[in-house]
Structure formats: structure tokens, C-alpha cells
Amino acid sequence: MNNGFNRFKKKLFVGALTRSLILGASSGAFVSALIVLIEKLSKASPNMLIYLPVGFGVALIFSSLLFTFLYPSDRRVAKKLDSDLRLGEKAQTMIEFRGKSGDVTIMQRQDTERILSEIPTKDLKIKNLWIDIIMPILAIVMIISAFLVPTYTEAPPPTESDPDFEFSPWQEQALKDLIEEVKKSDMEASPRNAVVSELEGLLTELRAAKKVSVMKASVIGVIKAINEAVDSHNSYIKIASALSKSESDAAKSIGSAISTLSAITLGEELTEIRAGFSQGSDTLTISAAALQIKSALTLSGVGTDDPLYVSLDTFAGELSAIAASGDTLTEQAGQELDGAFATAGEKISSALLLQYTNERVGDNTILRLMQIFGIKESELPSESRPSDSATREDEGDYNPEDNDDPLHSGGFGSGDMIFGSDDMIYDPELGKYVSYGEVINKYYAKISEQILDGNLSHELEQLLSDYFAFLFDGSGNDGE
Amino acid sequence: MENIEKVQGFNASIVKIKEELRRDVVGQDEIVDNVITAIIAGGNVLLEGVPGVGKTRLVRSLGKVLSLPFSRIQFTPDLMPSDVTGTVVIEKDADGKMVSSFRKGPIFANLVLADEINRATPKTQSSMLEVMQEHKVTVANNSYALEEPFFVLATENPIEQDGTYPLPEAQMDRFMFKLVMKFPANDELVDIVKMTQITMDETASAVIDGETILEMRALASTVPVIDEVLDYAIRIVSGTHPELDRASDTAKKYIKYGASPRAAQALITAAKVRALMNGNYNVSYDDIDALALPVLRHRIKINYTAVNDRLTVDDVIAMLVREIKK
């Protein structure tokens, strides 16, 4: 092949090789950049032992494949020469009929060689040079970007926004109503004053509060204070704890009963203790019980003017006096013992009722605050959450079918007919806890009035009539 | 390498031929080139043109330039085949005996002008066309070969259609080219008038002879054609057939009947001659493109869609060539 053709072929060969190397390197760089990006998005640091060899391998393979594709064979060179230099298929004819004989063929070859030798190499342009420029630039940009992108880390948990708080008129009124209710309640003076003070302070704070977070902090603070006020005033837990540590079974039983704040349980325990002191038995046990009760009272740290303390102390004193009357329990001593137990039951129950009322008013106040200000129970510290009145310990023990004596069948008071649970119910109109029966009677009166006035539909009349008939029949289920 | 001299002499001969012809034929350069191409390639030409544009003068001048006997046959409806080919006659010999002898007809020339061939009856036309194909005359079971080179230039008068017998497509195929001789331009007409005021006779001189034509023909047949160009020519011809899978979109839309394989043969043969005439030693795409029209225009039939779209055969062929990719 003549110099002219070889000249052009060499130029195209160099062009193909250069392009293959450039595009191959660019491809390798792209792949490496991609690997780096993937590693960073996977929260891992770029590993040179991965992206470098992979990139290099891709570059090598791509370069080789591309060069194979672009390789300037004689036919390809001839075709490009004819096309770009407008040779009228002279070069292709020369290549295709290479080695063939024939005068015209030989002349054609010579003529073509002459023509090619006269054309400068630069006249043959390498097309699409922009690819050789753009691709490396893009590859460099990609590599730099991949390394500049920071490693992905978990986004911090979204913080709840702290919306603005506006102390609405109804909230303010509801809080004021709550304060009045507490004032009118049967809560003892000391905790009641503390609770009222906290509520009034809350009223002032909330008028100035701008954020919900501030409002919630204030309300939760007041809730904690209410619990502290009630707990610090009520003594039953301390006394019950002290009694439970004594050596006397009687004292322990009394302490256990007191801790439930249940008159029923207290009555049952006192009855059982009294039964243990049979006529003719040794009075030492009575004396020991009295002594243990007094000792527990002293150890409890409760003030001597505390009603529960006084009732238990008086009971212990009476027991001591009865025990001192003789070594054995006489009939008369037994009668005196009966009287002492009866008195103790009443007085201790009364003292417990006061503390029960304190707790209930405190819990109710807390519930109302949660309702007014939308505080969830989960937002409160565990020790500040209101107790569930439906899950008192004595509820499981209470079975009215077992109790033939309606006077002692539950509830605080004289043993009147019991409707459902023996819990006291808070009456907002009276501002105190009253027996369930009083409230249900009031409700029934109002419903009856509505029925008589014909304000209810026939279906609702029937439903309500059946409901109250069910209640008044005393089936023993809760009035729900 | 004596043929190299002949190759070099080929172009010189072409130049001389053209120079001499210009002395008698004004303008019509493309027609002259194609006629020369056809003669060298061994083909025949169908020439369409109105009367007086120089058809007869062209062939007569060619005869002089090529030193070839020339004859002109005016086809008329009453022309018999024997009027063309010759006939056997009974005559007395030198001894006075009655012997039969074949009297050659006007076809026995190297260059024949078959004027208004479409006026002759189909029978006369076919006798003429058979001669064109086989280059021999068969009369009374005797064959008489025609002297090479043998070239027929047939004409069709596009004006007078009454009483004519258009050549059937199968016979049109025997012509290598169909050329359309247009009315001369004004300046050409001026030159024609001036020239013919001096003399009406042809003034061209002989420059080559029949043997040289045959040598040029042999030389042209050796011109190399690469496969791609050959394939291109074949795709053009195949592309004219609407019924084929490889038909062009143009053919599917505008062509009723496509060209025969003779068209492909004609294309390549003529392209080789054209290449040499232009000083090239190989056939190029340009050669094929330049010859597509004269080779195909009488070999395809356009349909009514083309007529409705006011397209001529030439328009359709041009569209087809543009469509076929190189």
C-alpha cells in the first residue's frame, strides 16, 4: 500500500486509539465515581481497594472494546477517504481490487495512489472531536462531585414543632370552675388549700404562656404538686407500712386493711381479729397487739393529731386497758372488747374516708386538668398519673352474693341499698363524694321527668326504663 | 500494458468524438454523451423528441465521426418487416439462371435510425426489435449477422398519437436508454440557424472506426465496480418493484410495474463506460445516479396516484434514487 493511504490510515489509527483511551478512562472514572457515591449513600467511607481497581478494570475493558470497534481497517479507511475527500469510490475500489490484475484495475490503483499522495493528511478530519473533550470533563466533574458529597448519615429525628399556645376563654373558665369545685369539696383543709393555691398559680401562669410546651410544663408541674400535697397530708400509707412491719399479726392485718383504704376490708379484718380473742383466752395477745400498734404509730412519724393516728392510738389504748383487767378474757372484758372494736371500726373508717376523699378529689382534679389542657397520661411522670378507681384492690374481693348483711355489704355509711360498685362518686353539684345510690337516684329522677314530659322517643324510653329496672333489681353488676 | 495506451487513448477518442459532433449538433450535450455511452456499451437508444430537434442529424454525424455506415428507416403503418430486414428475391444471375438471393434491408448498417418506430405495426416493430436483440436477421431459415458495432437509435414522436402503436413494455426493455431531446434553448437555436444557413450537410469528420469502438467496449467492460456500488445499483432496480419486500416507499406509492433485471445490467455496463469517459477508472455512486433516469424511465410504469399527484416518471425516479441509501 502506498504512502498516501498509509498516512491516512496511521492518522485514523492514532485517532481511534486516542479516543478509545480517553473514553475508556472516562468510563472508568464514571464507574469509580458511582461506586464512591453508592458507598457514601450506604453510610460507608469510600474504599480505595474497591473503586480504584473496578474503575481501572472498566477503563481497560471499555477501551479495548471501543478500539476493536473503531479499529481503522483498510476498508474502513478507504470508505472514509472516499466519503470525506469525495474521491468517487476510488479508495474503496483500490482496496477491494487489491492484488487483482487487469490494465484498468492497475491504472485505477496507480491513479488513486497518486491522488492520495497529493492530498494533505490534515484534510481528513476526525469527526466528533467534541466527544473526546466533553466526556473527560464530565468524568472529572463526576469524580470531584462524588468525593465532595458528604457521607450519608441518618437524619436526626424530627423535633416536634412547638406551636403557639393561646389560653382560650373556655379553658380559663373551666380552670376557674375547677378551682371553685375544689374549694367546695370535702378535701381536708390543708391539701385543699395547697391544691387551690397551685391551681390559682396555674391560672396566672397560663395567661402569660405563649407556647404549648410552656403550658404543658406548667400543668404537669401543678399535677405533681397536687399529688405531693395529697400524699404529704394523707398518713395511711405511712401508718400501714409501719404496722406491716410489726410482730403482731393483728397489727399487720390492720395495716394491710388500712393500705387498701377500704372500709369493707377493714371491717373484715377487725372482725377476724376480734374472733381471735375468744372468752377465756390469754389477754397477753391483746396487750401485745396494743403495744405493737402504738409502737408502729410512733415509728410511722405521723403527727399525733392526725385523725387516723388518733383513732388507732385510742384503739390501742382501749386494748391495753382491757388486757390489764385480767390474765384471761372474761365475759365483761369481751363485751368491752366488742365495744372497742366497734368504735375503732367507725373511727378508723371515718379517718380513712377523709384520706380517701383527699385522694379522690386530687385525682379528679388531675383528670380535669388533663382534659382541659389535652395532657396525655403518657406525658406525666409515672408517679403523677391518676389512680384507676375501677381497679381498687378490694373490688376483686367484693361479692355481694356472699354478703347476707346489707348493712355491712359495702360502701361508707349505714349499709343502705348499694347500686353496683361500693365506690363513692364525686358529685360536682355538691362538690363532694357521695354514695352511688344518691347520684343514681338523682339521675333517675331527671330521666323520669323527661319520660313523663314525653320528650324522649319511645325506643329511648324503653331503653332507659329497662336500664334502671336492671339497676334497681340489684343484679350486682356495675351500673354501666 | 498495451491496453494502458488504449485506456489513455480512450479519453482522447471520446474528446475527439465530442468535438466533431459539436460541429454538427448544437447543444444537447447530455444526449450526445448518453448516445456515445450507449454505442460504446453496446446498447440501443430510444429517443423522444419533437420533429426538427436534430435526431437524424445526430445519428448521421455519428456515422461520419465513427466511420460507420448509417441508415435511416422511416417507420410508417404500411412498413413491412421485410422492408426493414430485407427479403429474398428471385433474379437472374450472370449465367441467366433464375436464382434466389437475399436483398439486405436498411437494417444492415452499423448505425440505424428507426424513425417514429411507434408508427409501425407491432409485427414490423417486433422484427426490428428482434434484430436489435440478436444482431442478426433470419430470413427463410437463413441467418445473416449484422456487422458490429451495431447501434439503433429509435425515435418516438410524442405529439402524434393517432394511428400509432406504442411499444409494449417488454420490448421497451431492449433499449438501454430512453433519452428526451428537448427543444433547444434560444442561444442554441441561434447557433443552429446560423450553422444551417451555411450548409445543411454534416461537416463532422471521421475520428475513429468501428474496430476502435469495439476495443473501447472491451476496455470499458474491465472497469472495476466495488460490491457496494453494485449493490446500490441492484437496490435501485429492486426498489422499483412495489410487490417486493425490499421495495422503496416511492415504488409502493407511485409505481405500478418495476424494471427488469436488464435495467441492472444496463446500469452497470453504461456506468463503466461513463466512468472511463469522465477519466475515472472505477464506477462510482455518481455514475449510477447519473444513469438511473435514462435507464429506468422507459422500464417502469407509474400508477394513477402519481398521475393524481402530477408526478412524471422522471420525478418518481428522482424520488426513488434519493430514497435509496448509499
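Values quoted throughout were computed directly from the atomic coordinates according to the rules given, and no laboratory measurement underlies them. Everything numeric in this text was worked out from a predicted model, so none of it was measured. A quick note on method: Cβ atoms are made from the backbone with ideal geometry, for glycine too, and the neighbour counts reach across all protein chains shown.
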Only Lys, Arg (+1) and Asp, Glu (-1) charged, at Cβ; the protein assembly as shown dipole about Cα centre in debye
10400
Leaving out same-chain residues fewer than 8 places away, which lysines sit with a Cα under 26 Å from that of A:Lys294?
A:Lys238, A:Lys245, A:Lys252, A:Lys347
Applying the Karplus parametrisation 6.51 cos²θ - 1.76 cosθ + 1.60 with θ = phi - 60° to the phi angles of the stretch B:234-241, what ³J(HN,Hα) value in whole Hz is obtained for each residue in order, glycine and proline being reported as x?
5, 5, 5, 5, 5, x, 7, 9
Where a Cα-Cα gap under 30 Å defines reach, which lysines qualify for A:Lys446, not counting those fewer than 8 residues away within the same chain?
A:Lys176, A:Lys183, A:Lys184, A:Lys432
Mean separation of Cα contacts under 8 Å, 6 or more apart, over the residue count of the stretch B:5-137: relative contact order %:
23
Among A:Phe56, B:Thr121, A:Ala323, the residue whose Cα sits farthest towards the positive end of the charge dipole of the protein assembly as shown (+1 at Cβ of Lys and Arg, -1 at Cβ of Asp and Glu, taken about the Cα centre) is B:Thr121
Farthest towards the positive end of the dipole of the stretch A:172-274, among A:Ser190, A:Ile220, A:Thr271 and with Cβ unit charges of +1 on Lys and Arg and -1 on Asp and Glu, lies the Cα of A:Ile220
Comparing B:Met132, B:Met181, B:Met98, which has the greatest mean-square fluctuation in the GNM of chain B with Cα pairs linked when under 10 Å apart?
B:Met98
Considering only C-alpha atoms, what is the centroid distance from the stretch A:77-144 to the stretch A:279-299, in Å?
124
Between the stretch A:183-229 and the stretch B:170-244, what's the alpha-carbon centroid distance in Å?
118
For the residues A:Lys127, A:Lys238, what sequence is obtained by ranking on other C-beta atoms within 10 Å, fewest first?
A:Lys127, A:Lys238
Output wanted: per-residue J couplings in Hz (rounded whole) for the stretch B:139-154, from phi through Karplus 6.51 cos²θ - 1.76 cosθ + 1.60, θ = phi - 60°, x for Gly and Pro.
9, 6, 6, 10, 9, 10, 6, 8, 6, 8, x, 10, 9, 10, 10, 9
Rounded to the nearest 10 degrees, the helix A:284-300 long axis (Cα) sits at an angle to the longest Cα principal axis of chain A of 50
If a/c stays under 1.5 just call it rounded; otherwise compare a/b with b/c (prolate if a/b is bigger, oblate if not). Do that for the stretch B:1-112, with a ≥ b ≥ c from the square roots of the Cα gyration tensor eigenvalues.
oblate
Chain A: calculated mean residue ellipticity at 222 nm from DSSP helix runs of at least 4, using -39500 (n - 2.57)
-22500 deg cm²/dmol
Would you kindly derive the ³J(HN,Hα) couplings of the stretch A:441-450 from the backbone phi angles with the Karplus curve 6.51 cos²θ - 1.76 cosθ + 1.60 (θ = phi - 60°), listing them in order in whole Hz, with x for Gly and Pro?
5, 5, 4, 5, 5, 5, 5, 4, 4, 5
So for the stretch A:125-277, using the alpha carbon gyration tensor with a ≥ b ≥ c as root eigenvalues (a/c under 1.5 gives rounded; past that, a/b versus b/c decides prolate or oblate), I'd call it oblate
If the convex hull of the alpha-carbon atoms of the protein assembly as shown is projected onto planes in all directions, what is the mean projected area in square nanometres?
78.1
What's the exposure ranking of A:His458, B:His298, B:His135, going from fewest to most Cβ atoms within 10 Å?
A:His458, B:His135, B:His298
Which order results if A:Ser287, A:Ser248 are arranged by neighbouring Cβ count within 10 Å, fewest first?
A:Ser287, A:Ser248
I need the calculated FRET efficiency for the pair A:Leu65 and A:Lys125, taking r as the beta carbon distance and R₀ as 22 Å, to the nearest 0.05.
0.35
Nearest 10 degrees is fine. How inclined is helix B:261-277 to the longest principal axis of chain B, computing both from alpha carbons?
90
Per DSSP helix of 4 or more residues, -39500 (n - 2.57); summed, then divided by the residues of chain B. What does that give at 222 nm, rounded to the nearest 500?
-14500 deg cm²/dmol
Compute and list, largest first, the equivalent-ellipsoid semi-axes of chain A from the alpha carbon gyration tensor, each √(5λ) rounded to a whole angstrom.
105, 29, 23
Pull up all non-local amide H partners of B:Tyr144: gap of 5 or more, or a different chain, and H-to-H distance under 5 Å with H placed in the peptide plane.
B:Val137, B:Thr138, B:Val139
Which distance in Å, rounded to a whole number, links the C-alpha centroids of the stretch A:315-333 and the stretch B:104-158?
167
Quick shape check on the stretch B:195-326: root eigenvalues a ≥ b ≥ c of the Cα gyration tensor, a/c under 1.5 is rounded, otherwise prolate if a/b tops b/c, else oblate, and it reads oblate
Helix B:2-24: angle to the longest alpha-carbon principal axis of chain B, degrees 0 to 90, nearest 10?
80
Please state the relative contact order of chain B as a whole percent: Cα pairs under 8 Å, 6+ residues apart?
21
Which of the residue pairs A:Lys79/B:Lys326; B:Lys301/B:Lys326; A:Lys11/B:Lys272; A:Lys10/B:Lys272 have a Cα-Cα distance greater than 21 Å in the structure shown?
B:Lys301/B:Lys326; A:Lys11/B:Lys272; A:Lys10/B:Lys272
Which lysines have a Cα lying under 24 Å from the Cα of B:Lys64, excluding residues fewer than 8 positions away in the same chain?
B:Lys6, B:Lys16, B:Lys18, B:Lys55, B:Lys104, B:Lys136, B:Lys178, B:Lys182, B:Lys194
With the 8 Å Cα cutoff and a minimum separation of six or more residues, the stretch B:107-229 has a relative contact order in percent of 29
Given a 10 angstrom Cα cut-off, can you work out which residue in B:Lys16, B:Lys194, B:Lys92 is the most mobile in a GNM of chain B?
B:Lys92
